[in-house]
Amino acid sequence: MLTLLGSLLGFLSSAFPEFLKSGVIMQTANMSWPFWIARRKRNTKAIQNA
């Protein structure tokens, strides 16, 4: 069981930098940015109207 966990951790630590380099996280952040901006604008409009 411990060896399985160790190999899994080893795989994650070796795969994670590649995952970061591939830009998946940046792509996800870019996709979520417009949503957050729109949400924030909506919130400020609601506050101004109140």
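Here are a few things to note about the model shown:
- Overall Cα dimensions of the chain, principal axis frame, Å, largest first: 60, 24, 9
- Inter-probe distance in nm under a simple model that places probes 7 Å from Cα toward Cβ, at K41 and F11: 4.4 nm
Every number in this text was worked out from the coordinates using simple rules, so none of it is lab data. From a predicted model like this one, the values you see are computed outputs, not experimental measurements. When we count neighbours, we look across all protein chains shown, and the Cβ atoms used for this are built from the backbone with ideal geometry, even at glycine.
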